[in-house]
Amino acid sequence: MKKAQAAMEFLMTYGWAILVVLLAIAALAYFGVLNPGKYLPSSCTLGAGLSCNDFKVVGIDPVTGFGEVTLVITNGMGEDLSPFTVTIAGDCVGSATAVDGLVDGEKDIVVIACTVPITGSKFKEDIVMTYEGESGLSHTKTGSISTQVE
């Protein structure tokens with residue numbers, strides 16, 4: 001009888017300890033401490049020869065109902081791109097076209113109005129850039145942007 005009682009006390013003690021640990025983990029997850037999205041780095045990439053030097057995603061303005069994605073793009077393709085269009089795909093559908101194009105080695109600021117998520121949330125979408133090279137052929141490069149909405 002004493003062996004059974006010792007075994008039962010052992011199981012009950014460790015059972016309560018495991019329950020307390022599970023409740024602590026659940027509380028941390030509920031309050032967002034264990035949310036890996038907060039700790040992921042921000043990034044913006046485009047195809048080879050095009051660089052996304054800086055970027056910013058601003059949440060929805062209550063007056064206009066739109067937010068905006070701002071990209072600073074540098075052309076390192078070795079040729080002028082004229083015209084070029086930058087489109088954000090996915091939930092944030094918006095685009096901006098620069099009729100003047102982008103001269104080789106030049107950087108340009110592109111602002112795209114769209115319906116982005118609320119401030120503080122994670123924003124991850126595809127960037128599609130369509131342009132015409134000096135030969136007149138149309139090309140498409142795809143990249144991505146991942147950051148927190150400001």
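Just give me the residues in the range 117-150 being part of a strand (DSSP E or B) and of a type in the set (S, T, N, Q), in sequence order. Let's see the steps before the verdict.
Taking the range 117-150 and keeping what is part of a strand (DSSP E or B), we get 122-132, 138-148.
The answer is T130, S138, T140, T142, S144, S146, T147, Q148.
Which residue out of L22, L34 is free of Cβ contacts under 8 Å to residues at least 12 places away in the same chain and touching a helix residue (DSSP H, G or I) at 6+ places or on another chain (Cβ under 7 Å)? Show your work before the answer.
Numbers: L22 fails: touching a helix residue (DSSP H, G or I) at 6+ places or on another chain (Cβ under 7 Å).
Result of the check over L22, L34: L34.
G59 - would you say it is in contact (Cβ under 8 Å) with a residue 60 or more places away in the chain and either more than 13 Å from D108 (Cβ to Cβ) or surrounded by fewer than 19 Cβ atoms within 10 Å (Cβ to Cβ) (or both)?
yes
Name the one entry in K3, K56 that is closer than 17 Å to I145 by Cβ and of a type in the set (D, E, K, R).
K56
Just to be sure I understand, how many residues within the range 57-71 are out of contact with any Phe, Trp or Tyr (no Cβ under 7 Å at 6 or more places or on another chain) and either within 18 Å of G120 (Cβ to Cβ) or of a type in the set (A, V, I, L, M, F, W, C) (or both)?
9
For the range 46-56, give me each residue that is within 21 Å of K122 (Cβ to Cβ) and surrounded by 14 or more Cβ atoms within 10 Å (Cβ to Cβ).
Those that are within 21 Å of K122 (Cβ to Cβ) and surrounded by 14 or more Cβ atoms within 10 Å (Cβ to Cβ): L46, C52, F55, K56.
G65: touching a Lys or Arg at 6+ places or on another chain (Cβ under 6 Å) and small (G, A, S), yes or no?
For G65, the condition - touching a Lys or Arg at 6+ places or on another chain (Cβ under 6 Å) and small (G, A, S) - is not met.
Inspect all residues belonging to the range 3-12 and state whether any of them is of a type in the set (K, R) and at pLDDT 85 or above. I'd like the intermediate steps shown before the answer.
Applying the first criterion (of a type in the set (K, R)) to the range 3-12 yields 3.
Restricting the remaining residues to those that are at pLDDT 85 or above gives none.
Among the residues of the range 3-12, not one is of a type in the set (K, R) and at pLDDT 85 or above, which makes the answer no.
Determine the pairs where a residue that is closer than 29 Å to G120 by Cα, located within the range 134-146, has a partner that is part of a loop (DSSP other than H, G, I, E, B) and polar (S, T, N, Q) with Cβ atoms under 9 Å apart, the partner being 6 or more residues away or on another chain.
I145/S42; S146/S42
The values are calculated or read from the model by the stated rules, or taken from the named source; none is laboratory data. Keep in mind that what you see is a predicted model, and the values were worked out from it rather than measured. Neighbour counts are summed over all protein chains in view; Cβ atoms, including those assigned to glycine, are modelled from backbone coordinates with ideal geometry.
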